[in-house]
Amino acid sequence: MTEVVAAPAAEVTVAHGRGELPPWRLLLRRPTFIVGAAILLFWVVCAVFGHAIAPHDPLAQQLLATNKAPSGAHWFGTDQIGRDVFSRVIVGARSILVIAFFATLLGTVAGTALGLAMGYLGGAVDMVGGRIVEAVLALPLVVVAFLFVVAVGSSPLTIIIVIGLVFTPLIARTVRSAVLVERQQDYLASARLLGETRGHIMFVEVLPNVLPVVLVEFTVRLGYAIFAIASLSFLGFGVQPPTPDWGADIGANYGVLPAGYWWMTLFPALAIASLVIAINLVTDSIEQVLAS
Amino acid sequence: MATYILKRLGLALITLWLLSLIVFFATQVLPGDPGRAILGNLASPSAVRALDHQLGVDRPLIEQYWTWVTGLLHGDMGTSTQFRAPVEPYIQAALVNSLKLAALAFVIVVPLGIVGGVVAALNYGRAPDRIISVAGLSATTVPEFVSGIVVIVVFGVALKVLPVSASAGAGASAASQFQHLILPAIPLVLVLFGYIARMARAGTIEALNSDYTRTATLKGLKRSVVIRRHVLRNSLLPTITVIATQTGYLIGGLVIVETLFNYQGIGNLIYKAATAKDFPMLAAGVLTIGVVYMVATLAADLLYTVLNPRLRLGGAE
């Protein structure tokens, strides 16, 4: 009998000991987080210092060296107008990371505010918000973004606003369910009894308690934003040429794949894949740490 | 249960109406002057005005919306500006093609996703679970054209075992059509695998931790029997819902895959409509995708109600 009791007791002390570590220390113990964060950091460095790192000018055309296979001079080869694919991949990190970050930030801020209102105020706000969420959910993200970008014309700002607005109801839905849980807590009852205003309760009392949920939503949505932006650029409705961009470069060069010129599309494709996988590793680690 | 179904249908109608507003707003209000967009910057103002009048876009917005919606209800989706012909035959043909591709992807991914999720759950927290979960999540967020490029390079260009284009050509045999659809189906399978596996995993873990599973184990049933009779039956219920709701996303993902593989489906149709600024076609295509998705979600909800004895036998609300 004592043995049976001993095992859970040991687990409790371990869990307690871990609980005292700050969350970022727990994150650094996870290999998946280290790998994901390292890849993400690499692309952030490329986005910021890309022009300094790239061995060639990503826009310089060498019409005597078009369609060259990867070699010592051009590690990833050259494209159909002789631009260095390696340099374009390095510099191309900038457009997608900047647009995805600001689109997700817009969606997270607006979605959190809407979710707090829907969850805390309830009633008509919740009802109307809920219907809008359903209508937006009835269309895949890429299709909605595509529809609006086609309608108003493509620019980085348009893409940020469209994706941010599509994310708003989706993030609001998640925040709303977290707020509904918080509503049952005693601290809200006491805040109400103290006569605090609704705005104060929502943003000062409830918001800090749903922040972990908001953080996870932000990282999850960042992955989706990159997915959508890369897809839009691939279709020709995202980042416009000649700006180096992974999706746009794939869209411009996939037509010559059957001719055997695989390097112009494969390397940007691998760059996109590595970026979204890195974000997923980071997201997964954060979720695991917050859940434990 | 009848009231639940009626309520669910009512909500679906409201969502459908909101969807029509979104599509109308995006395709007929936001683009500004459709006549100018179609004719270009060099056309004379009078020609633009004439075309605007012919398209009916110089009338008040509410009137335009009313005409459009009543037309839709009578099966009139408008006139394509690029083909100068009714939109419906194009939508219909494209939808049939898309459903063929989607069906193939589904037949592959459903068993694969369920097996993956159940295997992950049975190895909860150990290496197979981590690998399946992270790989599934990654496959889900890698855009279809990225995985599409990789399979084209590997199977179409390097190994030369499968055709790179999805269209088998007119009058091709069913076997040839099938062969041409294998490569385009792979990116769709990858995107859906993560969702289905994650749901199957969550459902299985919940069932494994339940009291009835513990009872079944404690009364001495073999683990394989417990899993087959008690765990799987309960765990696959939420998975069915996810599979049905993924149909819509699948059709949305087709925009990319069909463009990449040049396949004449609904996704390729709205892509071409967008590049040609053919807004009636674009509106009809996007609305069709929305409706297909809503019908799938509704079917999933109803199926869930029918399959779940707790809901079926009265306690619906």
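The values are calculated or read from the model by the stated rules, or taken from the named source; none is laboratory data. This one's a predicted model, so the numbers in the text were calculated from it and none came from an experiment. Note that we place each Cβ from the backbone using ideal geometry, even for glycine, and neighbour counts take in every protein chain shown.
For segment A:98-106, does any single residue satisfy the condition of being touching a Leu at 6+ places or on another chain (Cβ under 6 Å), surrounded by fewer than 19 Cβ atoms within 10 Å (Cβ to Cβ), at pLDDT 80 or above and part of a helix (DSSP H, G or I)? The answer is no; no qualifying residue exists.
From the list A:A252, A:A228, A:A191, A:A172, the one residue that fits, being part of a helix (DSSP H, G or I) and over 27 Å from A:L114 (Cα atoms), is A:A252. Is it the case, given these coordinates, that B:T215 is part of a helix (DSSP H, G or I), surrounded by fewer than 16 Cβ atoms within 10 Å (Cβ to Cβ) and of a type in the set (V, I, T)? So B:T215 fits the description; yes. Within segment A:249-260, at least one residue is more than 10 Å from chain B (Cβ to nearest Cβ) and either in contact with a strand residue (DSSP E or B) (Cβ under 7 Å, 6 or more places away or on another chain) or buried (at least 24 other Cβ atoms within 10 Å of the Cβ) (or both).
Out of all the residues in segment B:74-128, which are more than 21 Å from B:G253 (Cβ to Cβ) and either in contact with a Gly (Cβ under 6 Å, 6 or more places away or on another chain) or among the hydroxyl-bearing types (S, T, Y) (or both)?
Here is the first cut: in segment B:74-128, the residues more than 21 Å from B:G253 (Cβ to Cβ) are B:74-89, B:115, B:118-128.
B:T79, B:S80, B:T81, B:V87, B:Y124, listed by residue number.
The set of residues in segment B:253-282 being within 9 Å of chain A (Cβ to nearest Cβ), more than 22 Å from A:L257 (Cα to Cα) and within 18 Å of the chain's Cα centre (by Cα) consists of B:I270, B:L282.
Condition first: of a type in the set (S, T, Y) and either modelled with pLDDT of 85 or more or closer than 17 Å to B:I240 by Cβ (or both). Now tell me which residues in segment B:68-117 satisfy that. Correct list: B:T70, B:Y90, B:S98.
Selection within segment A:242-274: residues that are hydroxyl-bearing (S, T, Y) and more than 12 Å from B:G148 (Cβ to Cβ). The member of this set that is modelled with the highest pLDDT is A:S274. A Cβ distance below 8 Å, combined with a sequence gap of six or more or placement on separate chains, defines the contacts here; from segment B:208-219, residues that are over 15 Å from B:S235 (Cβ atoms) reach residues that are loosely packed, with under 15 Cβ neighbours inside 10 Å in the pairs B:T217/B:R223. Of the candidates B:A158, B:A175, the single residue that is surrounded by fewer than 17 Cβ atoms within 10 Å (Cβ to Cβ) and within 12 Å of another protein chain (Cβ to nearest Cβ) is B:A158. The residues listed here are B:A50, B:A102, B:A121, B:A93; of these, the one that is touching a Lys or Arg at 6+ places or on another chain (Cβ under 7 Å), at negative phi and not in a strand (DSSP E or B) is B:A121. Evaluating B:V164 against the criteria (1) buried (at least 17 other Cβ atoms within 10 Å of the Cβ); (2) among the β-branched types (V, I, T); (3) part of a helix (DSSP H, G or I) leaves one unmet condition, (3). Taken together, B:G171, B:G252 contain a single residue that is modelled with pLDDT under 85 and within 19 Å of B:T140 (Cβ to Cβ), which is B:G252. In the set B:V48, B:V57, only one residue is over 30 Å from the mean Cα position of the chain (by Cα), among the β-branched types (V, I, T), over 16 Å from B:L282 (Cβ atoms) and crowded, with 18+ Cβ neighbours inside 10 Å; that residue is B:V48.
Candidates are the residues of segment A:265-292 that are within 25 Å of A:V85 (Cβ to Cβ) and more than 7 Å from chain B (Cβ to nearest Cβ); the one that is farthest from the chain's Cα centre (by Cα) is A:F267.
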